[in-house]
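What follows is calculated from the coordinates using simple rules that are stated; it is not laboratory data. Values in this document were obtained by computation on a predicted structure and should not be read as measured data. When we count neighbours, we look across all protein chains shown, and the Cβ atoms used for this are built from the backbone with ideal geometry, even at glycine.
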Amino acid sequence: MAGGSTVLVTGGAGYIGSHTVRALGAAGMDVVVLDSLEFGRREAVVDAPLVVGDVHDSALVEQVCRDHGVGSVIHFAAYKAVGESMEQPGRYWHNNVDGTVALVEAAMRAGASEFVFSSTCAVYGTPAEVPVAETSPIAPESVYAETKAMVERILGWYGTTHGLRSVSLRYFNAAGASFDGRIGEDWSMSLNLVPLVMRALLVPGPAIKVFGTDYPTPDGTCIRDYIHVEDLADAHVKAVAHLAGGGDNVQLNVGTGVGSSVFEVIAAAEKVAGRAVPKELTDRRPGDPVATFADPSTAESVLGWRAAHGLTEIVETAYRWHSSTV
C-alpha cells in the first residue's frame, strides 16, 4: 500500500466530523470529506472539498482516495440511535458494519493504510466500576454498540491479514460547539442532553425530561462524562499523527475523567442563560447506567492528548451557537 498524505473523513459533514475536518486543516493536513448528507450539513464543511456519496460505493471511495492521494481515513459515517438499532437491527448491521468493510477494502486498494475509527464508550455496556478503563469488559447492550465493537475487532483482523494500522477512539459524551461560533450540533437530529437543554431554553415547546431523580448519586440524577467537541476533534488529529509516526494499533477512551449529573448540566445552562430551564421530572429509562465516566490516562500516555475544556465551556459555546441559529 502506498497512499498519499491526505486524510479522508467519512461523515465529515456531521457534528463531530465537521469539527474534526476544521482541526485537521488547522494542523496543516490536507483533507477530503465523503458524506451522503443523509444527516450531515453541507454548510458545516468549512475549507475542505466535499464529495457527496456513500461508503458502500466502493468505486467512488477508491476514486476519491486515488484522486486526492489519501493515506489515512477517519471514519465517522454511521447510524447511532440506540433505540432505532433495536427496532431495525438490519439497518445497523448493513450501514455500520458492512459499510465499514466496503470502505476499508476500497481505501486499501487505493493505497490507504491508516484508519481512525469513531467508536463509543457504549461498547462497555453498564460498567461494573468507574472510571472506565480500556481493560473493562466489552459488553454491548444494544445493536448500535455491538456494531461498534464488531468494527473494532474487524479492524484488528485487517491489521493481522493486511497490515492495516488503526486507532479506535471510544467517545464519551461529545457536546458543545466551535469556539468561533461557526458550527455546532443540530438539535433536530440529536437525542443528546446538551442540545435538548438548549432547545428547551430557546424554543417554546415541551420541557426537557429528566429521566430518574432517585439514582444513588449526590443529586439523584445520572452522571456522564461530557467532552467538548473541539477536544474530541483534537484527539482525532493526534490519532492520525500517532499512526503516521508508526504508533501501535490501539483502542482508547476519549473523555475528561470528570462526571457531571443531569441536574449539573441543567444548572450550568441556567447560569449561562440567566433563566430557568423548563424541565419535567419523570421515571427512569430502562438501561441507563447510574454513572459513566472515563479513565483517559491511556490516551494521554499514547497520544499526548488530554481534554482542555470542561462543562462550563461546553455549555457556553453550545448556548452561543444555538442562540445564533434560532
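Taking the chain as the reference, fit the longest principal axis to its C-alpha atoms, fit the long axis of helix 99-109 to the helix C-alpha atoms, and give the angle between the two in degrees, 0 to 90, nearest 10. In the chain, helix 99-109 runs at an angle near 30 degrees to the longest axis.
Each eigenvalue of the Cα gyration tensor of region 227-312, multiplied by 5 and square-rooted, gives one semi-axis; in descending order these are 33, 16, 9 Å. Among residues other than Arg41 with Cβ under 10 Å from its Cβ, the summed charge is -2 (Lys and Arg +1, Asp and Glu -1).
The C-alpha atoms of the chain define a longest principal axis, and helix 311-325 lies at about 80 degrees to it. Amide H contacts under 5 Å for Ile223: Ala291, Thr292, restricted to partners 5 or more places along the chain or on a different chain, H placed in the peptide plane at 1.01 Å from N. Under 29 Å Cα to Cα from Lys209, which lysines show up? Leave out anything in the same chain fewer than 8 places away. Excluding near neighbours in sequence, the set is Lys80, Lys148, Lys271, Lys279. Taking amide H as placed 1.01 Å from N in the peptide plane, the amide H of Val210 sits under 5 Å from that of Glu280, Leu281, Thr282, each at least 5 places away or on another chain. In the elastic network of the chain, a GNM with C-alpha springs shorter than 10 Å, the most mobile of Phe115, Phe293, Phe179 is Phe179. Paramagnetic label reach from Met189 (point 7 Å along Cα→Cβ; backbone nitrogen cut-off under 16 Å): within region 65-90, residues 75-82.
For Leu37 and Asp98, the difference between the fully extended length at 0.36 nm per residue and the C-alpha to C-alpha distance is 20.1 nm.
Distant-in-sequence amide contacts of Val9, defined by a placed amide H-H separation under 5 Å and a gap of 5 or more residues or a different chain, comprise Val32, Val33, Leu34, Ile74. Quick one: helix 229-244 against the long Cα principal axis of the chain, what's the angle to the nearest 10°, folded into 0 to 90? The angle comes out near 20 degrees. I want to verify a result. In a Gaussian network model of the chain, Cα cutoff 10 Å, which of these has the top mean-square fluctuation: Gly71, Gly159, Gly255? The residue with the greatest mean-square fluctuation here is Gly159.
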